[in-house]
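These notes are about the structure you will find just below.
What follows is calculated from the coordinates using simple rules that are stated; it is not laboratory data. Here the structure is a predicted model, which is why all the values come from computation and not from measurement. When we count neighbours, we look across all protein chains shown, and the Cβ atoms used for this are built from the backbone with ideal geometry, even at glycine.
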Amino acid sequence: MAAIVSILLLPLGPLLIPRFYLMFLLVYFTSFLYSQINHVFKFWITASRIKKTIIRWNQNERNQDKTPNASTPASPSPTPTRERYPTHEEDERLDDMETSLNLYDDGHFFHAFIVPNYAEPEALLRDTIKRLANHRNAQTNYIIILAMEASETGHEAKAANLANYFKDSFLHFIITAHPSDIPGESRGKGSNVAWAARSGCAELIQHGVDRRRVILTVSDSDSSISELYIKEVERSFNQAEDPYFLLFAPPIFFSRNAHEVPAAVRMTDITWSAMVMSNLSNSRGIAFPCSTYSLSMVLAERVGYWDTDADSVGEDMHMMLKCFFKTDGLARCAPIFVPINLTNVQTNGYMSNMYARYVQAKRHYNGVADVSYCLRSAAGIKDLPNGKQGVLLQHDKKASLYASPTFWFDKLLMCIKVLEAHMIPCTSGWLMFAAVPLTQFILFPPHPMVAIIEPADNPILTSDFYATLWNIVKIITVFLPLPLFGTLAIYENLHRFVDREMYHKARTDSRTWKNVFDYISLPIAAWMFMTIPSTIACIKRLYRPADQYIVSEKFFEDDEAV
């Protein structure tokens, strides 16, 4: 209804309810501007922490390279000097150096990587898994759960080829095939992950693996997961007061094939990743993972793994919501400031590439179903076995937690964040681009022949208050794009840093001054990949909750075949 109302308000607001409409625009634009400024500061915090984490990792790697091995001859002893005790500042510096050296010691965790896929190129899956195989503990601590779809033609041969290719690279290589005819399930990443997680975890338990030592990582088929991410997850897990209530969420980053896709596709994924990064810097842990994330096997079992119905198509956000509400608000999102490098949607041909990104955007915005799930859960309403809904009554020892003002505040904050994530895309495009011009045209027509409202009924002409209100609204709209420009400026610096310091790319392979021309495509990207698909996804909920799952094509060239 939010999408429909925002469209109807454009012509009907100034015609039927001009006074209320002016006040609504003031509140909406002011709230939007405040939230975007807030996101800029949070994005800057996230970018700073990403840089700090990468610098610390690189320093640790250099320290290990400089550490002499047993075959290295000892250096001659220095000339004896008078003994000097270290100062307090030197003690602290030595402690910091020792801490940095011990940050990435090998842990005792088992990492199970769930790789859901459907009709993805075998070369892309092999490249994704190979990056994990290059990690130092892959053979002793890594488990691959290759989540295939039984409905994909030839999935058995593809899985067998990959299993044979990586037969000596991991502790275990588990293959699952998700059936397509399970009653009540909605096809998509969530149902595939749910089947793979249950099947894979059951097999791990049969192998005698301690569930308390297992960390599940859900990975997209194109996710490039660095060893630094795994080490940071382990470090965060060890330092947390109760790690079995945490979801570990990294920022997403698009650098693998960014120069091979249209500028509008690049800009869409850049703004998407910037929004994910700003969302992570939340002091209360009320944030959402995107694409790739980790959690303990204990937490997954506690909440009943992933949901598979039509209301859980946005599996990453939905899992965070489910963990939060199923644990009475104890579950939190722990940011891991290590970017996961993803692949932009890519096909042969400019227009086909644009259309493929549009299809992906429509699929992403189907996650608007989480709005109703979040509101129902926050209100204590659950689905009953007979298909009806009822109020959830708490009679256990944790019932007092529901009366806690902190928990109610966190529930309110969670609902606000979900509403912001899904209501802003389907309303901001219409209101920001058309509200002021259309209101100006209707209330102040360029010619008397197209006048619709009599001057006596125009509140801007008859009231100083509404005239001032209208001027403020127009001034605010001028400032609305500024936070986006600030976000993009921070991103430009971050992108170059990550390419140079983490992926060791040459300057010519990263973003350059020529990419400034990408910003010309921002209006196209905003309308084609945000406003229109989010509006369609919202309106579709009125008559067709379930939708066909379509995978966007990701072209990948097999380097080995070449």
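Normalised by the number of residues in the chain, the average gap of Cα pairs under 8 Å and 6 or more apart makes the relative contact order 22 percent. Cut-off 14 Å, label point 7 angstrom out along Cα-to-Cβ of V298: give me the residues of the range 197-231 whose amide nitrogen falls inside. Of the residues in the range 197-231, 210-216 have backbone N under 14 Å from the label point off V298. Just need the relative contact order of the range 110-343 here, percent rounded to a whole number, with Cα pairs under 8 Å and 6+ apart. Across the range 110-343, relative contact order equals 26 percent.
What separates the Cα centres of the range 1-65 and the range 225-255 is a distance of 24 Å. In this simple spin-label approximation, R376 and F41 carry label points 7 Å from Cα along the Cα→Cβ vector, and these lie 3.7 nm apart. For the pair L413 and D65, a Förster radius of 45 Å applied to the C-beta separation gives a FRET efficiency near 0.50, rounded to the nearest 0.05. Ordering 49-61, 448-460 by mean Cβ neighbour count within 10 Å, with the highest value first, yields 49-61, 448-460.
Only beta bridges with both residues in the range 110-343 are counted; by DSSP, about 25 percent of them are antiparallel. The alpha carbon radius of gyration of the chain, expressed as a multiple of 2.2 N^0.38 Å, is 1.08. Sorted on the mean count of surrounding Cβ atoms within 10 Å across their residues, most packed first, peptides 500-508, 359-367, 198-206 read 359-367, 198-206, 500-508. Taking label points 7 Å from Cα along the Cα-to-Cβ direction, R198 and T327 give a separation of 2.2 nm. Of the trypsin sites (Lys or Arg not before Pro) in the range 243-295, the ones in a loop by DSSP (not H, G, I, E or B) with at most 15 other beta carbons within 10 Å are R284. D by Stokes-Einstein for the range 110-343, Kirkwood Rh over Cα pairs, 25 °C, 0.890 mPa s: 137 µm²/s. The distance between label points at K514 and L480 comes to 3.4 nm (points 7 Å beyond Cα on the Cα→Cβ vector).
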